[in-house]
Amino acid sequence: MPTLSQHRIRISYQGGLADDHSLPGYDGATSIDGISRAVHIATHAYMTGEVVSRATALRNASIIMKPARQGSFIFELIVLMEANPATTAAAVALTAAPFCDFLKVAFKRATGFLDAEPETPHLRSLYERREPPPLQKTPVDLDDLAEKLEGSLQAAHRPIGPEGTINRIDIGRPRETLVSFNTATKDWVNTREEAPGLTVYQGNMTRYNSLSRNGRAFIDQLERVVPVRPDGDFPAGDLGNLTWSLHGSNTGTRNKLLMRVRPVTSASGQVKRLLLSDCQAAPEE
């Protein structure tokens, strides 16, 4: 198929060995593979409206790699789009601004910036519309995509570490950095094992996607909003409690839930998402 648009994604390694235009052999190769897989998964989501956990064959797009160039350690991925994304027929979707905005939001959410939202008008309108036009798909749930990107981004962060390896990885367009990886984002993507026991939290839903079943909840004990999703043992009958809480949050009425959860934490122990085992309305005060 003919290429309708192409986008250059610039990856620049900074500090340590990168200042000598080098990367540590195994960790560097692992990082390049991880970044390539992450861009592949995000591009697949942008083009199809589907979230996958592995870099499966792209539809209506392809990605090629350009060799490293002088100046720290730099290489480029070229994303070639051969059709309009399944979520829209608008030609603007093929331009750099919305696609790079999508990559930025996906990668930032996956590395701990949970409040990242689309900035371009086209991408914002896609996520604000209630139903897609006929023959088009709803855009992917960004929290779902962020979770699926974690494995690839763990590999991407591999060479970041002590003196003599790499300090930072910048990903973006030739003249604009979209996201930077560093020791803080490495801590976030390297998840501890899920807690084997259940913890009870109180909070209220602030967002809920009935298709992906991913949501956000303000957790009273943590004093912040955290991504949440039902785990495998979550009773189907409790889904109504999630929508009840969301409705209460939107209307300023009763909305508090008691949630039994399995916390998922970063390497340093910060709660990054909650897997719901069950929930019920909290007693009225």
Condition first: farther than 20 Å from E150 by Cβ and open to solvent by less than 40 Å² (accessible area, probe 1.4 Å). Now tell me which residues in the range 166-183 satisfy that. G172
Every pair of residues 6+ apart whose Cβ atoms lie under 9 Å, when the first sits in the range 110-139 and is farther than 30 Å from T191 by Cβ while the second is loosely packed, with under 12 Cβ neighbours inside 10 Å: P133/A89; L135/A89; Q136/A89
Hits in the range 113-139 - residues which are closer than 14 Å to D101 by Cα and touching a Gly at 6+ places or on another chain (Cβ under 8 Å): P139
Given the structure, is S277 open to solvent by less than 80 Å² (accessible area, probe 1.4 Å) and small (G, A, S)? yes
Looking only at the range 91-111, decide whether some residue is out of contact with any Pro (no Cβ under 6 Å at 6 or more places or on another chain), open to solvent by 30 Å² or more (accessible area, probe 1.4 Å), part of a loop (DSSP other than H, G, I, E, B) and not β-branched (V, I, T). no
Consider R254 against the criteria (1) part of a strand (DSSP E or B); (2) of a type outside the set (A, V, I, L, M, F, W, C); (3) in contact with a helix residue (DSSP H, G or I) (Cβ under 9 Å, 6 or more places away or on another chain): it satisfies all of them except one. Which criterion is unmet? (1)
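Of all residues being among the hydroxyl-bearing types (S, T, Y) and within 14 Å of T206 (Cβ to Cβ) in the range 235-261, which is surrounded by the most Cβ atoms within 10 Å (Cβ to Cβ)? Just the residue, please.
S245
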So the check is Cβ under 6 Å with 6+ separation or different chains; which pairs have a first residue in the range 140-163 that's over 15 Å from W188 (Cβ atoms) and a second one that's assigned to a helix (DSSP H, G or I) and among the basic types (K, R)? L142/R109
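Here is a yes/no grid of residues against (1) under 20 Å from the mean Cα position of the chain (by Cα); (2) surrounded by 19 or more Cβ atoms within 10 Å (Cβ to Cβ); (3) among the small types (G, A, S):
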site	(1), (2), (3)
Y208	yes, yes, no
D233	no, no, no
P263	yes, yes, no
S268	yes, no, yes
For the range 210-239, what are the residues that are at pLDDT below 95, under 23 Å from V140 (Cα atoms) and either among the aliphatic types (A, V, I, L, M) or out of contact with any Lys or Arg (no Cβ under 9 Å at 6 or more places or on another chain) (or both)? S210, L211, G232, A236, L239
Looking only at the range 184-206, which residues are touching an Asp or Glu at 6+ places or on another chain (Cβ under 6 Å) and surrounded by fewer than 17 Cβ atoms within 10 Å (Cβ to Cβ)? Q202
Which numbered condition S53 misses (of (1) part of a helix (DSSP H, G or I); (2) out of contact with any strand residue (DSSP E or B) (no Cβ under 9 Å at 6 or more places or on another chain)): (1)
Inter-residue pairs, beta-carbon under 8 Å, first open to solvent by less than 40 Å² (accessible area, probe 1.4 Å) and in the range 26-47, second in a helix (DSSP H, G or I) and basic (K, R), 6+ apart: I41/K148
Quick one: which of L222, L246 is in a loop (DSSP other than H, G, I, E, B), within 23 Å of A116 (Cβ to Cβ) and free of Cβ contacts under 8 Å to residues at least 60 places away in the same chain? L222
May I ask you to list the residues in the range 127-147 that are over 14 Å from V105 (Cα atoms) and either buried (at least 21 other Cβ atoms within 10 Å of the Cβ) or hydroxyl-bearing (S, T, Y) (or both)? T138
Of R229, R216, R207, which residue is of a type outside the set (F, W, Y), assigned to a strand (DSSP E or B) and without any contact (Cβ under 8 Å) to a residue 40 or more places away in the chain? R207
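The values are calculated or read from the model by the stated rules, or taken from the named source; none is laboratory data. Only a predicted model underlies this, so the values are computations on that prediction, with no experimental measurement involved. Using ideal geometry, Cβ is built from the backbone for each residue, glycine included, and neighbour counts are taken over all protein chains shown. Remember, those area values only see protein heavy atoms, side chains included, never the ligands or the DNA or RNA. Shrake-Rupley method; radii C 1.70, N 1.55, O 1.52, S 1.80 Å.
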